[in-house]
Structures are given as structure tokens and as C-alpha cells.
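Read the structure below first, then the notes.
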Amino acid sequence: MMEMIYGQIGGAVAHFPIFAVISLFLGAFLTALVGKRRALLRRGIVFVSSLVSLVLVILMIPPVMSEGWIITYWMGGWEPVGQWAIGIGLEADALSLFFALIVTAAVFTAALYSFPYMAQDSQPENYYTLYLMLAGSLLGLVLSGDLFNIFVMIEIMTMTAVALTAFRVDYDGALEGAIKYMIVGSIGSSAVLVGIAILYSQLHTLNLAQLALRLPEANSPATAAAFAFLFVGFGSKAFLFPFHPLAADAHAVAPASISMIISGVITKCGVYGIIRLCYVLWQNMSLPAVSTAVTLIGAVSCFICVTMAFNQHNFKRLLAFHSISQIGYVIAAVGLGSFFGLEAGLFHAMNHTIFKGLLFLAAGAVQHAAGTLDLDRLGGLARKMPRTFLLFLIGAAAISGLPPFNGFASKWMIYQSVFEKAEESGNPVFILVLVLCLLSSVLTLASFVKVTQSVFFGPCRPEYAELRDVSAAMRVPMWILATLCVITGLFPGAVRNILLAPAAAAAGNPAAYIDAVFGVGTAAGAHIPEAAKASETLIGCWEPLSWLWLLLTVTCAVCFVMVLGGRPFGRTVQADDAEERRQASEKLFAGLPDPKYESFFSGEKAEFSHVGGSDLFWGFKYSLRRYFSYMRRWHSGNVNDYTRYGIAALAFMLAFAVLCL
């Protein structure tokens, strides 16, 4: 990797961050002014504002990513005085620009999809106003250099996301999902605010660079508690365990374009916050306790959410749980504390936005055409929607980690980085993390085999005899994402050199971030560590020996689960036919709350020949019925339970931070 020369940049480029954010908020204001009429003008405003924001971010890539500059813009011209920041600043280093690119690209693509998808909905002016406000808050969050300004953007993001989740108020579960999102999401927002208050009381500043300068020397139980509050707050925005049920409730009922933003962008803002906390502000990811804890949180989120997805029968709820499972991969890699692990996590974060966006748009196309997302009521749509089917297959192959798509390349980097960390540290926890990640990948593939069979294969139901594929206007955004799935999968080395290595180097170089604000030499005077050394490890995803190693590991992991699942746990249930199995499973789950959250069903009914979502892999689920029964009780659908889980997570992190930091 080329040697980076970090510093500030002037000229017109210095104003690009604020222009990119203002473009989206101004578009929201103009859209509201247009009102209900003039649909063409309203779409033009949305198109131009989102495109301008994307172009401005792309124009910042050469100076920031290639040349190593850090763009600093001070609101109102309030520049720092000495080593004190007295104003709110925007800072675009390679890390924040990487996430800004994810935000603007996803917002532009989802906007294109929204034009035909939302054409028949009422109150489009409200939808697009909220949409652009959400987009502006997301971009403002990743470009902000002030912690309180980040909190303001989080509040705008949360409220607009809640409103857009409930946008189709007549849709079953829309209001319920929005209320759950608002109530439990407020725990995360409140945690961020409390963390901010503690930091301000201790250090009297909220500028990120100044916090990074002073926090290493201000270690105390109070700052450790602030870390715990902020970590839980950002983790809740990424929907990490135990906040993951919120994602399913919000994704399943929101319009498909909003599901794409929640899954592909809002979760990444949470990831961005965690990286800033651990690598730049506290600079504590090198601590074994922090690294192990963060990696384990990611691995647990990855495994639990993929098992929940495996048992869903609503298309978008299944995709929602998969979203958090993939974010678990990202956090597990980021938590390793290695340069290569950070690259792997960033690569998978970008890839997740691409392939999960494609899958949510494909699910929206199916819902738009068939009027349902119930996997047990669909089937045979490959003949009716062949183009959408092809696009879905690309996304499914990518998320399942099949070559030559992007999910394979980034997952391979994650496996390799975890294995290297285990070998380097000698910590068996990382071997466990590797096994959980591999098992999750196997279950992801099985889950999408189930979706493909339930939605696109088998006999076509009579009610879909006249069904037609969606319009070309809805397919164009999906083709953009599908093309990116292939390109980034075939050329991972180019992606690494252009985007990943600079972003990882920026995350591991808090000194450059500090010097860009307060002047060169400031970080050295405070003994802030120098930039992390770039890894020269090759991805090696096409080496035959690596394939053999992966095959052996996956085989051992699957055998372990099969042996564990085959052990008798308590009373066994004997069933000779489908009806007896159905009655037995009903007895197992008798008295459980809210049946719509049921995650386990019996075998197929005798009157149907199509293998639906309830039936495929029934034997595997039956073998692990004790686990799935427990998980169904845990995912009760009760907002009070989810609130308790969030508070328990906060209590755990507080205890961990005070004891270990």
C-alpha cells in the first residue's frame, strides 16, 4: 500500500461534506413544499438531491482515499483555539468517507426503486420528505466530527425510520413494528445521550478529535461507564444481539425501499460508531478483553439470527434476521483488532449493503406482484417472474458466500482473519468464533435454498396464473446491485486497494485524525500511537489448499451440530406421520404467547404437494426442537421483554467496562 501523507485540504473540496449533507436536507424541504401534486417535479427533486450527494462523495475519494487527506469543515467558521474545539465540525477521513459512500449509493439506488414501487401509495410527498430526512441524518452521522451532533443525527434517523416503518398504516403489523422500534430504540438513543453527558462532565468537550486526544490519559470508572453506554447505544442501532428482534419487526412491515435502508445503511451507522469508539476514541481494541468481547458479541449475533431466519415464513422477516446475522460477521471481524480483520469487516459491511439491498428489493418486487410475503402461499414464480428470479439468485448466492460473488470474497477474508488471530493469540475463543461463523454460513445457504424453493420453484398456485414480472423501472436498481455483487466479487484486490486499505488505515491511525484538527505534531506530543501497519496477507480465496481447509472445517462443524442435535434432551416425541408430528409439535409449544412469532412448524399438509416454507428442512428443525422451542419463548414479540433484554445488555456492558477498562 502506498505511503499516506495525512493532513487537511482546502479549496472547494473542503466544502463537499457540508454540501453533500445539505443537498439531502434541502431536498426534503423542497419536496414538502411541492405538496401532493406535481409528482414529476417531486421525483426530480429526490433524484437530483440524492445524485448530487453521491457525486460529491465520489469526488472526495481521490484526495481522501488515494492521497490521504482529511477534509475538515467547521460550521460557521468556528475553528479550534489551541487544542480546544469551540465549534461543530465535519471530518471526512477515509473511514467516514467509506461509510458515506455506502450511505449515498444505497440512498440513490433505493430512490430509483421507490419511484415505481411507491407510485400507487397515498401521500408520496410525506414519504419522500421523510426519506430524504432519513438520508441526510445518516450521512450527517458518519461525517460529523462532534459527538453531540452525532446524537442529533441519531434522533432524526430514529424518528424518520419509525415514521417510514409505519408509513403503510393499513399493512398488518406496521404500527406495531413502528412502536416497538420507537420504544426499544429509545434505549439505545438514551444510552448514547448518557454516555455523552458523562464524557462532557469529565473532559468538557465532545469533539471526536479532542476526545481521542484526551481519553487515553483520562482513564477512570466514569469514562469506562461512558464507553459502555455508547457501545450499547451504537450496538442497538446496528441491531446487534439482544436488540435483533427489532430489525425483524421493522424490516417486515416497512416498504421494501425502506427495508433496504434500515438493513443496508442504518446498521452500518451503528458499525461505524463502534469502530470510532474502539479504534479512535478509546483506542482499546488491542486489549484482549475488549477484542474477545466484541468478537463474541458479533459471533453470537451471527449464529442466533441465522437460526431465527431459518425458521421464518415471512419473506422479509427472514431477510431481516439474515441482515443482523451478516452484521454479526462484520462485528466479529472488526473486534479482532487486526488490520486484516478490520479490512475484512469493512469489506463485508459494504458487500452486505449490496447483496441485502438486492434481496430486499427482490422481495418487494414479489410482494408488489403477488400481494403477499408468506412463503407458504407462494410458489412457482420463476416462470412468472424470470428476471426477478435471476436477480434474486445472484443476491442469494452472494449472501450465502458462493463464488464468484462478493459475499464469498469478504467471508473468506473474515475466516482467514479469525484463524490468523486464533493462531497468533492462542485463544481458543477465536476457534469457537470461526466455527460459529462457518455454521452460520451453512445455515444461510440452507435458508436461501428454502426461500428459493418456497417462492420460485414448485407448482404455481392458480391465483398467480395471470401474474406478470415487475416493470423494468423496478428492475434497473436491482440490476445495478447485482452487477456490483459480481464486480466486487471478481476483483476483491482492487476493492481492497482503493477503499478497504485506506479506510482501515484511517481507523487505526487516530493520530492523523487528531493532527488534521489541531495541527501536525499534536498527537505525538500526547503520545498517541502511530498508524497501524498494513497487512501484506493476501486474500487467497482461489487457492485449492484453502478450499480444502474450508471444506474440512465446515464438515467438522456440521457433524458437531448433527451429533449435538441428535442427543435426547428430556422427553422425546414419537411421530409416525405428518398429523402426529403436527399434534406433537403443538403440544411442545402449547401456551406460548403471540402465535405469529412461532418459529417452528410441522410437516407439510397432505392436501398440498408443494414444499412450502414450513416444511423444507423439517427434520433438521425437529432434531433441534429444544433449541428452537427456547428461542421461540425468548422471541415472544412482547415489547416489555425486548426492553428488559436491552437493559440487561446495558447492565452487562457497564459491569464489563468498569471491571476490564
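The values are calculated or read from the model by the stated rules, or taken from the named source; none is laboratory data. Not measured: the values here are computed from a predicted model. Heads up, the Cβs are rebuilt from the backbone with ideal geometry, glycines too, and the neighbour counts pull from every protein chain shown.
Confirm whether residue 113 is over 27 Å from residue 211 (Cα atoms) and within 18 Å of the chain's Cα centre (by Cα).
On the way: over 27 Å from residue 211 (Cα atoms): yes; within 18 Å of the chain's Cα centre (by Cα): no.
So residue 113 does not fit the description; no.
Looking only at helices (runs of 4 or more DSSP H) that fall completely inside the range 482-523, which ones have 2 or more residues that are touching a Gly at 6+ places or on another chain (Cβ under 7 Å) and free of Cβ contacts under 8 Å to residues at least 24 places away in the same chain? Explain how you work it out, then say what you get.
Numbers: elements: 492-495, 501-507, 510-518.
Correct list: empty, since no element meets the threshold.
Collect the residues in the range 32-68 that are outside any helix (DSSP H, G or I), touching a helix residue (DSSP H, G or I) at 6+ places or on another chain (Cβ under 8 Å) and more than 18 Å from residue 101 (Cα to Cα), keeping them in residue-number order. Give the derivation first.
We begin by selecting, within the range 32-68, every residue outside any helix (DSSP H, G or I); these are 35-38, 60, 67-68.
With the extra rule that they be touching a helix residue (DSSP H, G or I) at 6+ places or on another chain (Cβ under 8 Å), the set shrinks to 35-36, 60, 68.
Passing the criteria: 35, 36.
Give all pairs with beta carbons closer than 6 Å in which a residue from the range 443-472 that is under 17 Å from residue 391 (Cβ atoms) and outside any helix (DSSP H, G or I) meets a residue that is modelled with pLDDT of 90 or more and among the polar types (S, T, N, Q); count only pairs at least 6 apart in sequence or on separate chains.
Once the first residue is under 17 Å from residue 391 (Cβ atoms) and outside any helix (DSSP H, G or I) and sits in the range 443-472, its partners that are modelled with pLDDT of 90 or more and among the polar types (S, T, N, Q) give 469/388.
Out of the range 406-423, which residues are surrounded by fewer than 16 Cβ atoms within 10 Å (Cβ to Cβ) and modelled with pLDDT of 90 or more?
Residues of the range 406-423 that are surrounded by fewer than 16 Cβ atoms within 10 Å (Cβ to Cβ), as a first pass: 423.
The answer is none; no residue qualifies.
For every residue, the table says whether it meets (1) at pLDDT below 95; (2) crowded, with 24+ Cβ neighbours inside 10 Å; (3) of a type in the set (A, V, I, L, M); (4) assigned to a helix (DSSP H, G or I).
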site: 330; (1), (2), (3), (4): no, yes, yes, yes
site: 337; (1), (2), (3), (4): yes, no, no, no
site: 391; (1), (2), (3), (4): no, no, yes, yes
site: 404; (1), (2), (3), (4): yes, no, no, no
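Quick one: count up the residues across the range 462-479 that are out of contact with any helix residue (DSSP H, G or I) (no Cβ under 9 Å at 6 or more places or on another chain) and of a type in the set (D, E, K, R).
Filtering the range 462-479 for residues out of contact with any helix residue (DSSP H, G or I) (no Cβ under 9 Å at 6 or more places or on another chain) gives 462, 465-466.
The next check asks that each one be of a type in the set (D, E, K, R); those that pass are 466.
Residues meeting the conditions: 1.
Step by step: first the residues of the range 264-317, then only those that are of a type in the set (Ser, Thr, Tyr) and surrounded by 24 or more Cβ atoms within 10 Å (Cβ to Cβ), then the one that is farthest from residue 454 (Cα to Cα). Which residue is that? I'd like the intermediate steps shown before the answer.
Narrowing the range 264-317 to residues of a type in the set (Ser, Thr, Tyr): 267, 272, 279, 286, 291-292, 295, 301, 307.
Restricting the remaining residues to those that are surrounded by 24 or more Cβ atoms within 10 Å (Cβ to Cβ) gives 267, 272, 279, 291, 295, 301.
Working: 267: 28, 272: 36, 279: 43, 291: 40, 295: 34, 301: 26 Å.
So the residue we want is 279.
Do we find that residue 381 is outside any helix (DSSP H, G or I) and crowded, with 23+ Cβ neighbours inside 10 Å in this structure? Steps first, please.
On the way: outside any helix (DSSP H, G or I): yes; crowded, with 23+ Cβ neighbours inside 10 Å: yes.
Answer is yes for this residue.
Does the range 93-113 contain at least one residue that is part of a loop (DSSP other than H, G, I, E, B) and either under 30 Å from residue 500 (Cα atoms) or not charged (D, E, K, R) (or both)? Before the answer, list the steps.
Here is the first cut: in the range 93-113, the ones part of a loop (DSSP other than H, G, I, E, B) are 93.
If we keep only those that are either under 30 Å from residue 500 (Cα atoms) or not charged (D, E, K, R) (or both) too, we end up with 93.
Looking for residues that are part of a loop (DSSP other than H, G, I, E, B) and either under 30 Å from residue 500 (Cα atoms) or not charged (D, E, K, R) (or both), one finds at least one in the range 93-113, hence yes.
What about residue 107, is it in contact with a Cys (Cβ under 9 Å, 6 or more places away or on another chain) and surrounded by 24 or more Cβ atoms within 10 Å (Cβ to Cβ)? Quick ask: steps written out before the conclusion?
On the way: in contact with a Cys (Cβ under 9 Å, 6 or more places away or on another chain): no; surrounded by 24 or more Cβ atoms within 10 Å (Cβ to Cβ): yes.
Against the criterion (in contact with a Cys (Cβ under 9 Å, 6 or more places away or on another chain) and surrounded by 24 or more Cβ atoms within 10 Å (Cβ to Cβ)), residue 107 does not qualify.
Taking the options 156, 179, 183, name whichever one is under 29 Å from residue 280 (Cα atoms) and in a helix (DSSP H, G or I). Please lay out each step first, then the result.
On the way: 179 fails: under 29 Å from residue 280 (Cα atoms); 183 fails: under 29 Å from residue 280 (Cα atoms).
Selected residue: 156, the only one of 156, 179, 183 that is under 29 Å from residue 280 (Cα atoms) and in a helix (DSSP H, G or I).
Sort out which residues of the range 120-141 are free of Cβ contacts under 8 Å to residues at least 24 places away in the same chain and surrounded by fewer than 23 Cβ atoms within 10 Å (Cβ to Cβ), and write them in order of number. Spell out how you get there, then give the answer.
The first filter runs over the range 120-141 and keeps only residues free of Cβ contacts under 8 Å to residues at least 24 places away in the same chain, leaving 120, 122, 137.
120, 122 - these are the residues of the range 120-141 that are free of Cβ contacts under 8 Å to residues at least 24 places away in the same chain and surrounded by fewer than 23 Cβ atoms within 10 Å (Cβ to Cβ).
From the list 209, 197, 226, pick out the single residue that is modelled with pLDDT of 95 or more, crowded, with 24+ Cβ neighbours inside 10 Å and under 17 Å from residue 282 (Cα atoms).
226
Name the residues in the range 118-145 that are outside any helix (DSSP H, G or I) and over 23 Å from the mean Cα position of the chain (by Cα), would you?
118, 119, 120, 121, 122, 123
Please list, ordered by first then second residue, the pairs with beta carbon atoms under 6 Å, 6 or more apart or interchain, first in the range 345-363 and farther than 22 Å from residue 117 by Cα, second assigned to a helix (DSSP H, G or I) and of a type in the set (Phe, Trp, Tyr).
Close Cβ pairs satisfying both conditions: 348/329.
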